[in-house]
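The values are calculated or read from the model by the stated rules, or taken from the named source; none is laboratory data. Keep in mind it's a predicted model, so treat the numbers as computed, not measured. Every residue, glycine as well, gets a Cβ built from its backbone with ideal geometry; the counts of neighbours run over all protein chains shown. Surface accessibility is based on the protein's heavy atoms, side chains included, excluding ligands, DNA and RNA. Shrake-Rupley method; radii C 1.70, N 1.55, O 1.52, S 1.80 Å.
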Amino acid sequence: MYEEQQQPAISPQAAVEHGPLAGFTVGVTAARRAEELGVLLQRRGAAVLHAPALRIVPLADDGELLAATKDLIDQAPDVVVATTAIGFRGWVEAADGWGLGEQLLARLDGVELLARGPKVKGAVRAAGLTEEWSPSSESMAEVLDRLLEEGVDGRRVAVQLHGEPLPGFVESLRAAGAEVVGVPVYRWMPPEDIAPLDRLLDAAVTRGLDAITFTSAPAAASLLSRAEERGLLSELLTALHHDVLPACVGPVTALPLQARGVDTVQPERFRLGPLVQLLCRELPGRARALPVAGHRVEIRGHAVLVDGCLKPVPPAGMSLLRALSRRPGWVVPRADLLRALPGAGRDEHAVETAMARLRTALGAPKLIQTVVKRGYRLALDPAADAKYSVG
C-alpha cells in the first residue's frame, strides 16, 4: 500500500521536475481501488492522505442474497442488469458456494443481459455469458433510458446491486410497470479502524487538504456522518464550500454532498483516470498567483512555486503566507499574523521565527518585506499595486 503523507518532504529533483499536483494534498476516501487512485495522484506530484470511509462486506452467507438468487432461478427474469464487475463475480462465486452456480448461469444465459461498462462485460464473459448491450458512457442513466425506451411494463428486471443505492433507477422502472428484483451482493459498513477517517476529517476542517476524492456515494455519506458524530459537520461543510475541493467520480457519488448543499466537480467519464486529470486542471487553477518582487509566486497547499520552482514550506510558514496574500501589498500587523499561526499563543516572537523559516524556504528573502514596528507585507510589484490596492 502506498504511504500516507500530510506534509511530505520534496526532493531537489522534484522541486525542478514537479507534476501538476505538486504542492497539493489530496484525501482519498475509497475502500476499493484506493491504491490505484493514490498512485495516480502521487505520480502527478500530490501528497496523498488515505482514509477508507467504509469497508465492503461480501454477503456470501447473507439470506437476502440467497433468497434473491433462488427466486431468480425459480422464476426467470426478462432482463438482468449487471452494474459492477466485482459485484457480478461475487454473486456467481456466492452461488457456487451454495451449490447453485450452474443453475444461476443457466438461467442468466437465456435472458437479456445488460452490462454497465467494459469491466462488467469482462466479468460477464468470464462467467461464460454474453451481454446483449453495454452503454458507451458507462452510465446507469443510459441503461435506464434504454430500458424505458424498449418498455418494461409487465417485465421482470433483476438489478445486481453493489452496496450503494441507485437513486431513481429502481423507482423509475417500477413506475414504468416493471417488477424489480434487487440482488444485493455487497454491503457497505463503517471502517473497522475509524482513526484514519478522523485524521482525514481533522485535516479537512483545518485546511490541511486541498481536495477530497469520492468514488462512491456511501463513502461521501460516511464522511458526513462521522463529521456529524464528532460535532464537526458545520466546519466540514464550510471547508468543502470554500477551501477543500470535493471531487466525485460521477453524479451518483455526489448525491450525499449535494443534499447538504455542497457543489462538487466531476469528470465527463466516470473513471479514476479522468478524475485525476480533472484535479490536475482544477487545483492549479485555484492556486493564488501573484507578481512579487520581480518573481511569479504561486501559493499551493503545502508548497509555493517561485518562478516555476517548487519550494516546500512548513505549515506555520504557509499560514503566514496565506494571511499576507489575502491583502497583497498591504501591511499585515504582527498580531494578525500571530492569530493566523496554529497554536502560537500570545508571543509575537513566534511570528518572527516562523517568518525567518518562511523566507529561507522560499529562497528569495525580498519577497516579504518587514515594515518596522508595524508588521510584514508581500512586496507586490508596482505594476500590480493598483490592481490589489482596493483590497
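Please give me, ordered by residue number, the GluC sites (Glu not before Pro) of region 101-145 that lie in loop per DSSP and have at most 14 other Cβ atoms within 10 Å. Don't jump to the answer; show the numbers that get you there.
Numbers: sites: 102, 112, 131, 132, 138, 142; in loops: 131, 132, 138.
Answer by residue number: 132.
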Spacing of the two label points (7 Å from each Cα toward its C-beta) at residue 371 and residue 36, in nm: 5.3 nm
Excluding residue 371 itself, what net charge comes from residues whose Cβ is under 12 Å from its Cβ, given Lys and Arg +1 and Asp and Glu -1? +4
Can you give the angle from 0 to 90° between the axis of helix 34-43 and the longest principal axis of the chain, with both taken from C-alpha atoms, to the nearest 10? 40 degrees
Using a Förster radius of 56 Å, what is the FRET efficiency between residue 287 and residue 174 based on their Cβ-Cβ separation? Nearest 0.05, please. 0.75
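If you put +1 on each Lys and Arg Cβ and -1 on each Asp and Glu Cβ, how big is the dipole of region 177-298 around its Cα centre, in Debye rounded to 20?
Working: 12 positive and 14 negative charges, 76 e Å.
Dipole of region 177-298, to the nearest 20 debye: 360 debye.
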Can you give me the angle between helix 315-325 and the longest principal axis of the chain, using Cα atoms only, in degrees from 0 to 90, rounded to the nearest 10? 70 degrees
Quick calc, residue 195 & residue 70: beta-carbon distance into FRET formula, R0 45 Å, rounding 0.05, result 0.65
Nearest-10 value in Å² for the accessible area of residue 309, using the 1.4 Å probe: 40 Å²
Nitroxide proxy distance, nm - points 7 Å out along Cα→Cβ at residue 130 and residue 149: 2.2 nm
Tell me the accessible surface of residue 370 in square angstrom (1.4 angstrom probe, heavy atoms of protein chains only), to the nearest ten. 70 Å²
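Pulled fully out, how much extra length does the chain show between residue 265 and residue 105, if you take 0.36 nm times their separation in residues and subtract their Cα-Cα distance?
On the way: separation 160, 0.36 × 160 = 57.60 nm, distance 3.94 nm.
Length difference between fully extended and current span is 53.7 nm.
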Cα gyration tensor of region 39-109, axes a ≥ b ≥ c as square roots of the eigenvalues: rounded (a/c below 1.5), prolate (a/b > b/c) or oblate? prolate
Show me, for region 94-99, the HN-Hα J-couplings you get by feeding each phi into the Karplus relation (A = 6.51, B = -1.76, C = 1.60, θ = phi - 60°), rounded to Hz, glycine and proline as x. 5, 4, 4, x, 8, x
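Let me make sure I get this right: for region 162-257, a, b and c are the square roots of the gyration tensor eigenvalues over alpha carbons, sorted descending. Under 1.5 in a/c it's rounded, otherwise prolate if a/b > b/c, else oblate. Which is it?
Taking the square roots of the gyration eigenvalues as a ≥ b ≥ c, region 162-257 is prolate.
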Under Stokes-Einstein, with the Kirkwood radius over Cα pairs standing in for Rh, what whole-number D in µm²/s applies to region 221-271 at 20 °C and 1.002 mPa s? 189 µm²/s
Which percent of the accessible heavy-atom area of the chain goes to carbon and sulfur, probe 1.4 angstrom? 49 percent
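Relative to the Cα centre, what is the charge dipole magnitude of the chain, using +1 at the beta carbon of each Lys and Arg, -1 at the beta carbon of each Asp and Glu, and rounding to the nearest 20 debye?
Details: 43 positive and 47 negative charges, 517 e Å.
Charge dipole, the chain, about its Cα centre: 2480 debye, nearest 20.
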When all protein chains stay in place, what accessible area (Å², nearest 10, 1.4 Å probe) is found for residue 307? 90 Å²
Read phi for every residue in region 123-140 and hand back ³J(HN,Hα) as whole Hz from Karplus 6.51 cos²θ - 1.76 cosθ + 1.60, θ = phi - 60°, with x for Gly and Pro. 5, 4, 5, 5, 7, x, 10, 10, 6, 7, 7, 8, x, 5, 7, 6, 9, 5
Quick check on the chain: helices-only [θ] at 222 nm, where DSSP H runs of length 4 and up contribute -39,500 (n - 2.57) each and the sum goes over total residues. Nearest 500, please. -13000 deg cm²/dmol
